[in-house]
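These notes are about the structure you will find just below.
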Amino acid sequence: MSTASTLAAALESALDLYLKQQPETLSLAAGLTGKCIAITLTGIGITLYFRPDSDGVQVLSHYEGDVDTEISGSPLGFARLALDNREDALFQGAVHIQGNTETAQRFQDILDGSNWDWEEQLSKITGDVVAYQAGKLARHAQHFTRESIDTLRLDGSEYLQEEARLLPTRL
């Protein structure tokens with residue numbers, strides 16, 4: 001089984017669990033029945049195809065039909081999309097969208113649809129202490145990632161302006 005197939009199966013299972021607990025979000029998926037959204041992770045060469053319908057979202061590693069929307073970007077670009085301001089990530093070219101942008105927006109609404117408490121779900125399997133610690137670790141990782149991106153952006157800008165003198169200063 002390929003990496004893409006394994007990833008597709010894992011994502012489909014996670015989305016299925018998520019949507020079963022969020023009936024209002026599942027109704028959003030039903031509104032995209034017949035659509036196909038391709039997400040390509042550039043740099044690692046993985047493309048996954050998402051086919052929402054009233055039962056959930058089917059995730060495929062291979063798809064023969066026409067794609068309505070193609071979303072591509074590096075894993076870091078998608079992290080920026082999830083963590084930073086969505087418009088900044090799109091307008092700065094971290095993530096590219098081709099095709100039907102309304103379908104892309106509606107698919108994003110499915111993914112953002114609610115405040116799914118993954119920590120609560122994890123606690124049913126591992127217990128409260130382990131779930132809390134995993135949540136704490138995830139929150140720290142998210143904070144660290146945001147700060148690292150901001151620092152890298154500032155340091156890169158300063159280097160290009162002050163050291164390499166390739167960019168003008170703001171003044």
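Rounded to the nearest 500, what is the chain's calculated 222 nm mean residue ellipticity when only DSSP H runs of at least 4 contribute -39500 (n - 2.57) each, over all residues? Intermediate results must be reported in sequence, preceding the final value.
On the way: 7 runs with 93 residues, N = 171.
Rounded to the nearest 500, the figure is -17500 deg cm²/dmol.
Rounded to the nearest 20, the size of the Cβ-charge dipole of region 118-163 about its Cα centre is 400 debye, with Lys and Arg at +1 and Asp and Glu at -1. Listed peptides 47-57, 3-13, 136-146 appear in the order 47-57, 3-13, 136-146 once ranked by packing, highest mean of other Cβ atoms within 10 Å at the front.
Dipole size in debye (nearest 20) for the chain around its Cα centre, Lys and Arg Cβ +1, Asp and Glu Cβ -1? Mind dumping the intermediate values first?
On the way: 13 positive and 25 negative charges, 46 e Å.
For the chain, the charge dipole is close to 220 debye.
Just to confirm my numbers, what's the Cα centroid distance between region 58-78 and region 122-171 in Å? The distance from the Cα centre of region 58-78 to that of region 122-171 comes to 26 Å. When each of the peptides 67-79, 22-34 is scored by how many other beta carbons lie within 10 Å of its residues on average, the order from highest to lowest is 67-79, 22-34.
Determine the percent antiparallel among the DSSP beta bridges restricted to the chain, to the nearest 5.
Percentage antiparallel, nearest 5: 75.
Only one item in (i) 159; (ii) 125; (iii) 114 matches volume of the Cα convex hull per residue in Å³ derived from the coordinates shown, and that item is (i).
Provide, for q = 0.28, 0.31 Å⁻¹, the log10 of I(q)/I(0) from a solvent-free Debye sum over equal Cα point scatterers in region 118-163. The Cα Debye sum returns log10 ratios of -0.87, -0.95. Along the axis of the charge dipole computed for the chain (Cβ charges of +1 for Lys and Arg, -1 for Asp and Glu, origin at the Cα centre), the listed residues 36, 25, 73 are led at the positive end by 73.
Peptides 150-159, 35-44, 94-103 ordered by packing proxy, namely the average of other Cβ atoms within 10 Å per residue, highest first: 35-44, 94-103, 150-159.
Any read-out appearing in this document is the output of simple, stated calculations on the displayed coordinates, not a laboratory observation. It should be emphasised that the depicted structure is a prediction, and the values quoted were computed from it without experimental measurement. Here the Cβ is made from the backbone with ideal geometry for all residues, glycine too, and neighbour counts use every protein chain on show.
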